[in-house]
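Scroll down for the structure; my scribbles are underneath it.
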Amino acid sequence: MSMSDNDLKPEEFAQAAAEAIKDAQTRGFRDAGQVLATAGLCGVCALEDAGGLALGIEFALPIVAEAGKLRLHWPLLETLLIAKALGDSPLAAQLASGERVATWAMQGSLKDKWAGHARYAKDCDWVLVADGQGGGALLDLGSVEVQDDTALDPEHPQSWLTLDSAKVLAAVDAPTFAALQRDSHILIAALVNGAAEAALLTTAEYMSTRVQFGRPLSAKQAVRHLLARMRLLQEASNAGIQRLLDTDEDGRIRGTQPVLANALANAAFVLEKSIHLHGGMGFTWEVPLHYALREVRKFDAAFGSGALAQQVGRDYIQSV
Amino acid sequence: MSMSDNDLKPEEFAQAAAEAIKDAQTRGFRDAGQVLATAGLCGVCALEDAGGLALGIEFALPIVAEAGKLRLHWPLLETLLIAKALGDSPLAAQLASGERVATWAMQGSLKDKWAGHARYAKDCDWVLVADGQGGGALLDLGSVEVQDDTALDPEHPQSWLTLDSAKVLAAVDAPTFAALQRDSHILIAALVNGAAEAALLTTAEYMSTRVQFGRPLSAKQAVRHLLARMRLLQEASNAGIQRLLDTDEDGRIRGTQPVLANALANAAFVLEKSIHLHGGMGFTWEVPLHYALREVRKFDAAFGSGALAQQVGRDYIQSV
Amino acid sequence: MHIQKNPAIPDAAAGPAAYRQYARQWLGANLPEHMRADSVNYRAPSLDECRDWEASMYDAGLAGMTWPKAYGGLGLTLREHLVVNKEVGALAMPESVSSIGKELAGPIIQTVGTEEQKHLFLPRILAMQDYWCQGFSEPDAGSDLARLRTKAVPEGDSWRINGQKIWTSGAAKARYCLLLTRTGTVADKHRGLLMFAVPMDTPGIRVVPIKSIDGKESFAEVFFDNVVVPDSARLGAPDEGWNAAIRVLSIERATNRMYRAWRFDCELRQLVAACKSDPQLARLLGDGSYQRRIGDVVGEIDALKGLVERTVSRMMAGDKIGARGSLTKLYWSECHQAFAGLALSVVSHVNPRSSALAQRARQHFTTAYFYSRAETIYAGTTEVQLDIIAQRIMNLPKDLQR
Amino acid sequence: MHIQKNPAIPDAAAGPAAYRQYARQWLGANLPEHMRADSVNYRAPSLDECRDWEASMYDAGLAGMTWPKAYGGLGLTLREHLVVNKEVGALAMPESVSSIGKELAGPIIQTVGTEEQKHLFLPRILAMQDYWCQGFSEPDAGSDLARLRTKAVPEGDSWRINGQKIWTSGAAKARYCLLLTRTGTVADKHRGLLMFAVPMDTPGIRVVPIKSIDGKESFAEVFFDNVVVPDSARLGAPDEGWNAAIRVLSIERATNRMYRAWRFDCELRQLVAACKSDPQLARLLGDGSYQRRIGDVVGEIDALKGLVERTVSRMMAGDKIGARGSLTKLYWSECHQAFAGLALSVVSHVNPRSSALAQRARQHFTTAYFYSRAETIYAGTTEVQLDIIAQRIMNLPKDLQR
């Protein structure tokens, strides 16, 4: 992927990202990383000195949305964000190049000696955790006890980590870590919304071709209206997410939590209804909709499953 | 209305009650009371010595459901319950005979010197309030300062009462008052569910006769499904209410709050959607649906508008 | 016609930020306290007070943003229109009392009117000199125009009109009616539809008010009994006018009342502020169920603002907006209606001893709750919007593709 | 066939209270701890364990309540059936592993089977000696039987069957398949449908399992390739059998799994108890939003119990139950599915340091959440139930009444 920064548009990344992701999905975990890195996806936001493209989060957004659409099972959003956060550290180059892969434990902290909700931890090299004092710490996963949590997703479990003898590879200062968390909200919202968008397309297509009583199921008003509602929510998420890329009317960055909470809820709705509309087929392991639902539910759990919306409410009340 | 207790069935009351209520609706407040009393409705649960029929609450239920269906603006459920609670007091006879009319302030207490959510207080003679110590007190409304609250219903406002110089006509002991509250829950649920049932019938009829593009609106699946959902909720309320008349499997009386909370929510849904389905017509003062919605919202407010469901949740958690 | 402009109106070239700053300051300084729905000093403004307020907003360069200068507008873009809408939404000011003129008649006349009609009607709408009412719906037709019965018959240089309209909002105050008629018979269905600008003082017009659920009398039935208008009252040729109007309306649906997303935010702030002002209601704000629901609403408002801003970006970039206004209308109406239910449940805890701000919120949100029943009905019901999304945005087939 | 009855089974004449007392005691004393989903000692029971448990329930007089004594049943009424269902629901026991036999094949055979078929099949179903599977759905037909393709062709005293079925639950373990075929061609649409009891060991049958969203393999595709069965395998005449089956199924929809309302309550108790057992989760129970949602669920459970009890009362009074089973099925599935979402959001707070009961609830309710996706699909989707309510309960016209 060769490009000049001047006329680069974020949406053009989607096509290239999709090609690389599809290629990666035919390979093992490490090979997949190489493919994604070679396409510039792992280092999209990393510094140029680290072999990255040094682009803003708006360029990572379409990449991660494609990963959501295609149901990529690889910690791309974590790796690209951590590569960004590591700045000019030599570790950043290792992530941008695909040599190393990093994940992020969304709960717990180094201070607690305990963390959780890390995706693909058993396959990764490093994990980012909160340090418990506002910043973050990148840990060597070899120094961490990893326990898979298979309840929500037996094939792609999240992991709990015991950090008693964790080896810290790098520290992320508090402002960088806060900015990284904000970026992660935007990308997670993009990922789950991408998953919802793909499910909706699949479902609309299925309803348009599945014949009952001589007409497609999409001829039924109940089906049409449900699909239209799903589209509405998916568009609402999308509009909310895009908006986070700009500052507000007074030039301040916008809070990400309301949009993330809304996107998680909307994606779950779209996926649940996609499964419902697929009827018996939606309930099978063969139709991939449940993979996406599991992914959404894992992120939902990582953010306290409703606690996020409640925090948004508290923050708003506080702000009045 | 002459009857023998032996083969009396509650459902037979509905027809007779409907006739009397329709008659009452053509008259002024006092005359209406006479009509309702003469039909035996005001004294249905009062003692025979008080001129009542001494029947159980299951006989009051279809009467109050009819009042809800027909949108009677008269404190029938309050009057018949208070007539029951007064037992062999001479005051009971005055209520059963229609000579006096009583209402009930659902919030506040004599101890607080302040009460609220009394229906039709400006037209009534007496008001029942909690005494603040578990029991109830029947007050002379002439001794009470009445302030109408027109926000929810300008034509039939509820009232706030200042009780500083309230004259107590009779005391209701704690067990009787508790039983009366339970009865009131059942009857209020029946009233709002009756209102929902009538609205649903009206709406289904309207949708079946209103023609668009050469077919009735009820031909549209979206309309059919919404009406079916409304029916489902109205039937669910009804089944829950009927169940309160029996003891549970171990012979204990059943808690009324879950059913009342559910009935209030279901009735609001049915009425809101009835208005929606009537389109522009539903939004007018001419179509009577909004009267019923106001009535439901007044009761909902009297029970703390959601606080009831929360209390049900707390009680359940406590019980485990 | 000479319009007295406020000399402080910024040059559009100064950019949206300057316009925003100006709009915010002007509105904050000039909106009378008693017209602010979230003020304890609120009292329902009269029609004339509302008219004067809107006229002064127009004089201040805060109305008619995108209308051509030739017809009294500012000739600016949707970007400035949005900037002003955000600031209008941020203050709890009354709804426009001339929305039919500004959002319906004005845009349609701009599209199908003669040059003479444009000069005659448009500046007076912006300057709040004429109210308009809308005569589309009929008692037995609703959204099914094939059943429209009001008939216009040519008589020399005039037209004779007979029929009946319903849901004619603002008929009592209107100087003109934007009237839809048919030139043939009902058997013609969608053919021969013809629009007029009918002066409401024409003999043969009778207005019967309808009281609506929120207690106001803003709607009416209007009867046309041998009403004769000159041919100059005609807006476009048969069908041509109406078909153009349909296209205009789909753009209008996407661009008018953009302030609603910001007003929604303003209402949520009013509700929370009212609770904070009263010890009993403040306890609700500490309750998880209200926190959760407020959090949901905040997320919905953000998405709604995003939908509006995206529409403006796309239209500024020259994209056709098509049916996408349906997304915004539907999302707003459903989220706002649900919010009105939440607000009602909050203000149901208000009693005569509550704070003045809580009392104000009680009045405001109880009315808002009843009024919100109409939000899923007017300007295309929820079902119509869902049909549009399925049909025109998702292209879902109704029949087998051969 | 001789069934060893538990001598303690009460006489039905003793009344439902005696039966209730007995059922409660027997179930409480005999259900193995490790089969209770709300026990920390739970481990997923094997098929044989489930079979043995159901067989022992039958021996104890707690299954086949309403089936005739002649075919191994207890010959009692729906009242005793409901009594037992309430107690079954109150314990977190496994779902029946023979529901196709007990809820589908059994009732259909009782209605259309020959006397010989009844004696052959029915007692063995109750005694858990034979499993059945259901062969109605086809990959391209779903609920549209006009598209059913599996064909049965008479050959002397036999029938030759060719076709493919899907969603055949329990096919791997089944001894018989309740198979729906057509005797003519697809052009016959709803005519010529014929049912069989096909032994699953008949040559030409091939079973391919389907893994479902909850991770189980309880469904299968079943291929019938020149499968030949004797005429004695036929259940009823063409059409007659299937039409009777349709009637039976609408009663079954109203009466089977009556325990679900009480099991729902049992699950809610499990969830709350799990939270109480863990300090971190216990905090959720103090939060208003969870209290509110639990309160809503309690109200829904009460209504659901009321719907079930009302059905029994009406059927005992001789009323036709018609389509009213759709109300119960729809209300249960929507309320329970929403509850599963609530439960998931609660158990999402469980971590490896949580209490054992919380860990158990996490496993249980996470699976329940995924499984509940099917609840609005199987036994008639939500849309089908809504259609039935509109059509058969509300009698809403689809066309103008002349």
Original post:
Could you state the principal axis extents of the C-alpha atoms in the protein assembly as shown, from the largest down, to the nearest angstrom?
Top reply: 105, 96, 69
Original post:
How much length, in nm to one decimal, is gained on full extension between residue C:398 and residue C:363, taken as 0.36 nm per residue of separation minus their Cα-Cα distance?
Top reply: 8.0 nm
Original post:
So what's the net charge close to residue A:108: Lys and Arg +1, Asp and Glu -1, counting the other residues with Cβ under 15 Å from its Cβ?
Top reply: -1
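Normalising by the residue count of chain D, find the relative contact order in percent from Cα pairs under 8 Å and 6+ residues apart.
RCO, chain D: 14 percent.
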**OP:** Over the whole of A:237-248, what's the average partner chain Cβ count within 10 Å per residue? Rounded to a whole number, please.
**Re:** 4
**OP:** Report P(r) for chain B: all Cα-Cα distances, bin width 20 Å, range 0 to the bin holding the largest distance, values in whole percent.
**Re:** 32, 58, 10, 0
Original post:
Taking Cα atoms, how many degrees apart are the long axis of helix A:221-243 and the longest axis of chain A, rounded to 10 and kept between 0 and 90?
Top reply: 20
Subject >> Inter-centroid distance (Cα atoms) of region D:172-241 relative to region B:181-215, Å >> reply: 45
**OP:** Please give the per residue volume of the convex hull enclosing the alpha carbon atoms of region D:264-385, rounded to a whole number of Å³.
**Re:** 97
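Taking R0 as 56 Å, what FRET efficiency do you get between residue D:314 and residue C:240 from their Cβ-Cβ distance, rounded to the nearest 0.05? Could the numbers behind the result be given before it?
On the way: r = 62 Å, r/R0 = 1.11.
Rounded to the nearest 0.05, the efficiency is 0.35.
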Original post:
Can you name the helices of chain D, as whole DSSP H runs, whose Cα span along the helix axis is 30 Å or more and whose Kyte-Doolittle mean is not below -1.0?
Top reply: D:288-316, D:325-347
Original post:
If you line up the long axis of helix B:76-85 against the longest principal axis of chain B, both from Cα atoms, how many degrees apart are they, to the nearest 10?
Top reply: 30
Subject >> Stokes-Einstein D in µm²/s, Kirkwood radius over Cα pairs - region A:177-319 at 20 °C with 1.002 mPa s viscosity >> reply: 132
Original post:
Closest approach to the A-B rotation axis by any Cβ of A: residue and distance in angstrom?
Top reply: A:221, 2
Original post:
Over region C:132-236, what relative contact order in percent results from Cα pairs under 8 Å that are six or more residues apart?
Top reply: 31
Original post:
Computed over the Cα atoms of region B:9-100, what is the ratio Rg over Rh, Rh following Kirkwood?
Top reply: 0.93
Original post:
How are the Cα pair distances of region A:113-246 distributed, in percent, across 5 Å bins from 0?
Top reply: 2, 9, 13, 13, 13, 12, 11, 9, 6, 5, 4, 2, 1, 0
Original post:
When the Debye formula is applied to the Cα atoms of region A:101-172, each taken as the same point scatterer, what base-10 log of I(q)/I(0) results at q = 0.12, 0.20 Å⁻¹?
Top reply: -0.25, -0.69
Original post:
Within 10 Å of each Cβ of A:291-303, how many other protein chain Cβ atoms are there on average?
Top reply: 2
Original post:
Considering only the label points, 7 Å along Cα→Cβ from Cα, what distances in nm to one decimal separate residue A:142 from the same position in each other copy, shortest first?
Top reply: 9.6
Subject >> Violating pairs (Cα-Cα greater than 19 angstrom) within the set A:273/B:273; D:86/D:173; B:220/C:398; B:298/C:329; C:69/C:102 >> reply: A:273/B:273; D:86/D:173; B:298/C:329
**OP:** Treat each spin label as a single point 7 Å out from the Cα along the C-beta direction, and report the residue C:353 to residue D:47 distance in nm.
**Re:** 6.9
**OP:** Show me A:182-194, D:24-36, A:106-118 ranked by packing, highest mean number of other Cβ atoms within 10 Å first.
**Re:** A:182-194, A:106-118, D:24-36
**OP:** Compute the acute angle (0 to 90°) between the alpha-carbon long axis of helix A:57-70 and the principal axis of greatest extent of the alpha-carbon atoms of chain A; round to the nearest 10°.
**Re:** 50
Original post:
Using a cut-off of 20 Å between alpha-carbon atoms, which lysines can reach residue B:22, once sequence neighbours fewer than 8 places away in the same chain are excluded?
Top reply: B:69
Original post:
To the nearest Å, what is the center-to-center distance of region A:41-105 and region D:343-362, using C-alpha atoms only?
Top reply: 33
Original post:
Mind checking the alpha-carbon convex hull of chain C and giving the volume per residue in Å³?
Top reply: 160
**OP:** Distances from residue D:156 to the same position in the other copies: list them in nm, one decimal, shortest first, using label points 7 Å from Cα along Cα→Cβ.
**Re:** 10.0
Subject >> Length-normalised contact order for chain A - Cα pairs under 8 Å, 6+ apart - percent >> reply: 14
Original post:
Between residue A:26 and residue D:13, what is the label-to-label distance in nm when each label sits 7 Å out along the Cα-to-Cβ direction?
Top reply: 7.9
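For a distance above 22 Å, tell me the whole-number percent of Cα pairs in region D:12-97 that qualify.
26
Bear in mind these aren't lab numbers, they're just calculated from the coordinates by the rules spelled out. This structure is a prediction, so every number in the text was calculated from the model and none was measured. Here Cβ is always computed from backbone atoms with ideal geometry, including for glycine, and neighbour counts include all displayed protein chains.
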